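> Take a look at the following structure, please.
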Amino acid sequence: MHISRIDVHEVRNLRNATLDCHSLANIIYGQNGSGKTSLLEAIHLLGRGRSFRHRDLRLVVNHSAENLVVSASIESGKASRSNKLGVMRSRTGQCLPRGLMVRLSKRLLSLRR
């Protein structure tokens, strides 16, 4: 099982980032402050629902945003089945209400086009 694609929105210094991942290995490199640890934190948030750096999710949401969104496509098994996984959190650290989640999902889809 591996992440084939990850979309990160408003996580720390990452405003909007989309990565297509290789199934075997991926190398993350860049200058200091370029978002390498923020990307790893977004992956951890996706899998565990919390940050590995802080208890307070207000510190994880980008300072100019109210919400963060991390979503991914997961490829599993030999049949190459793809599943979607995602997490949205508000600056208060709460899960977002369903109506707001639907509106944000539509907004994210429009950003991809």
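The values are calculated or read from the model by the stated rules, or taken from the named source; none is laboratory data. Quick caveat, the model's predicted, so the values are computed rather than measured. Quick reminder, even Gly has a Cβ in these numbers, built from the backbone with ideal geometry, and neighbours come from all protein chains shown.
> Name the residues in segment 64-113 that are aliphatic (A, V, I, L, M), touching a Lys or Arg at 6+ places or on another chain (Cβ under 8 Å) and modelled with pLDDT under 70, would you?
Leu96
> Working only within segment 25-59, note down all residues that are exposed (fewer than 11 other Cβ atoms within 10 Å of the Cβ) and under 23 Å from Leu85 (Cβ atoms).
Ala25, Ile27, Arg48, Arg55
> Counting just the residues of segment 8-36 that are outside any loop (DSSP other than H, G, I, E, B), touching a Lys or Arg at 6+ places or on another chain (Cβ under 8 Å) and of a type outside the set (A, V, I, L, M), which one comes out farthest from Ala65 (Cα to Cα)?
Initially, segment 8-36 is screened for residues outside any loop (DSSP other than H, G, I, E, B), giving 8-11, 14-20, 36.
The next check asks that each one be touching a Lys or Arg at 6+ places or on another chain (Cβ under 8 Å); those that pass are 9, 18-20.
If we keep only those that are of a type outside the set (A, V, I, L, M) as well, we get 9, 18, 20.
Details: His9: 10, Thr18: 18, Asp20: 24 Å.
The selected residue is Asp20.
> State yes or no: is His44 of a type outside the set (S, T, N, Q) and either modelled with pLDDT of 90 or more or in contact with a His (Cβ under 7 Å, 6 or more places away or on another chain) (or both)?
Yes.
> In this structure, is His22 surrounded by fewer than 16 Cβ atoms within 10 Å (Cβ to Cβ) and at pLDDT 90 or above?
Working: surrounded by fewer than 16 Cβ atoms within 10 Å (Cβ to Cβ): yes; at pLDDT 90 or above: yes.
Yes.
> Condition check: over 10 Å from the mean Cα position of the chain (by Cα) and assigned to a helix (DSSP H, G or I). Does Arg58 satisfy that?
So Arg58 fits the description; yes.
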